[in-house]
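Student: Before I ask anything, here is the structure I am working with.
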Amino acid sequence: MTIAIIGADGQLGKDVQLALKAHDTRPIAHGEVDITDAAKVVAAIAAIHPDWVINTAAMTHVDDCEGQHMRAFEINALGARHVAEASRQVGAALIHISTDYVFDGEKKTPYMEGDATHPLNVYGISKLAGEFYVRNTCPVYYIIRTSGLYGTHKCRGKGQNFVETMLKLAKEKESLRIVSDEVLTPTFTEDLARQIDVLVESKPPHGIYHATNDGACSWFDFAKEIFRIAAIEVAVEETTASQWNAPARRPAYSVLENKALKRAGIDAMSHWKDALGRYLSKKIGR
Ligand SMILES: NC(=O)c1ccc[n+]([C@@H]2O[C@H](COP(=O)([O-])OP(=O)(O)OC[C@H]3O[C@@H](n4cnc5c(N)ncnc54)[C@H](OP(=O)(O)O)[C@@H]3O)[C@@H](O)[C@H]2O)c1
């Protein structure tokens, strides 16, 4: 199959290219096509005429989005619409990546695909608007909501992923304060990319799919597990999101249940601790 991958230089985009290498993949980087330019997106997809389009491009820095509403909407909402329209015109199935931040975190059990959305920040609102554009524009769509991505390739929007930040800070400081009242499921981009390959191969009914690693933890728990596996001795103290005072509000609980993947019999995601172990073994040989 011919598969166009938009956002190809991002941390997820690069792993998606590797996971789908059995196919005829056509990477499209930001430098080639800016997804805010509707005509260019349509022309690029028409020239490839793919069976599938995978859109991993987004403005991903959550706090930056807070101060740049227009830019966040141009990329995450209208950009998604342009990609959906281009996919529709060539009859391609579209995989569009979205986020756990479409939820408000008031729920105390994992979010299902059909649960009510209520984003708390501009990033989440713009990504949810992107979801609506995709659903209303491209007949065969797969919206994949994921969470807390980290991978071996650089996160373009954030510069560093959480694991790299922890490893760096542990070298520079004697003690760290990490937020313990935000619970999520950190997800390894290699695992998500492999899950996307499984979805492409099986082509289940279209719709919204949650796809994260299994289990859940706070940022504090995540940091402690990083240091345990990496055998790094550093004092880690708990702090709260309100004390941290980031520009964007985040949900206190944004754990996703991979219910639709399980229903389709194609959930290939392993536990977050297993995924972290594999990542650290690649990254630092532990
Ligand atoms: N990172 C997370 O923790 C996380 C969590 C949940 C969901 N997600 C979603 O997962 C997807 C992949 O994110 P990621 O972690 O791989 O982020 P990333 O490394 O920042 O990749 C995003 C890519 O989008 C490209 N891009 C940005 N603006 C663009 C534009 N106007 N036109 C074309 N390309 C543009 C970037 O290119 P340049 O760098 O060259 O601008 C970059 O290659 C996104 O949809 C994101 O919303 C991420």
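Student: Under 6 Å between Cβ atoms, which residue pairs at least 6 apart in sequence (or on different chains) link something in the stretch 160-172 that is on the phi < 0 side of the Ramachandran plot with a partner that is assigned to a helix (DSSP H, G or I) and more than 12 Å from the ligand (Cβ to nearest atom)?
Tutor: Going by the 6 Å Cβ cut-off, the qualifying pairs are Val163/Ile226; Met166/Ala223; Met166/Ile226.
Student: Turning to a different aspect of this structure: Look at Ser147 and say whether it is in contact with a strand residue (DSSP E or B) (Cβ under 6 Å, 6 or more places away or on another chain), closer than 20 Å to Gly10 by Cβ and within 16 Å of the ligand (Cβ to nearest atom).
Tutor: Against the criterion (in contact with a strand residue (DSSP E or B) (Cβ under 6 Å, 6 or more places away or on another chain), closer than 20 Å to Gly10 by Cβ and within 16 Å of the ligand (Cβ to nearest atom)), Ser147 qualifies.
Student: Also: Is it the case that Leu280 is assigned to a strand (DSSP E or B) and surrounded by 17 or more Cβ atoms within 10 Å (Cβ to Cβ)?
Tutor: So Leu280 fails the test.
Student: One residue is enough: does the stretch 83-98 have a residue meeting the conditions within 10 Å of the ligand (Cβ to nearest atom), in contact with a Gly (Cβ under 6 Å, 6 or more places away or on another chain) and under 26 Å from Leu256 (Cβ atoms)?
Tutor: no
Student: Residues Ala77, Ala39: which one is in contact (Cβ under 8 Å) with a residue 24 or more places away in the chain and either within 12 Å of the ligand (Cβ to nearest atom) or more than 25 Å from Gln195 (Cβ to Cβ) (or both)?
Tutor: Testing whether each residue is in contact (Cβ under 8 Å) with a residue 24 or more places away in the chain and either within 12 Å of the ligand (Cβ to nearest atom) or more than 25 Å from Gln195 (Cβ to Cβ) (or both) leaves just Ala77.
Student: Output the residues belonging to the stretch 20-36 that are of a type in the set (A, V, I, L, M, F, W, C) and either modelled with pLDDT under 95 or more than 13 Å from the ligand (Cβ to nearest atom) (or both). Reasoning before the result, please.
Tutor: From the stretch 20-36, those of a type in the set (A, V, I, L, M, F, W, C) are 20, 22, 28-29, 33, 35; that's our starting set.
Once the filter is applied, which keeps residues that are of a type in the set (A, V, I, L, M, F, W, C) and either modelled with pLDDT under 95 or more than 13 Å from the ligand (Cβ to nearest atom) (or both), the stretch 20-36 yields Leu20, Ala22.
Student: Name the residues in the stretch 199-225 that are in a strand (DSSP E or B) and either free of Cβ contacts under 8 Å to residues at least 24 places away in the same chain or touching a strand residue (DSSP E or B) at 6+ places or on another chain (Cβ under 6 Å) (or both), would you?
Tutor: Result: Ile208, Tyr209, His210, Asp214, Ser218.
Student: Output the number of the condition that Gln243 fails; it satisfies all remaining conditions of (1) part of a helix (DSSP H, G or I); (2) within 29 Å of Leu120 (Cβ to Cβ); (3) modelled with pLDDT of 95 or more.
Tutor: (3)
The values are calculated or read from the model by the stated rules, or taken from the named source; none is laboratory data. Not measured: the values here are computed from a predicted model. Every residue, glycine as well, gets a Cβ built from its backbone with ideal geometry; the counts of neighbours run over all protein chains shown.
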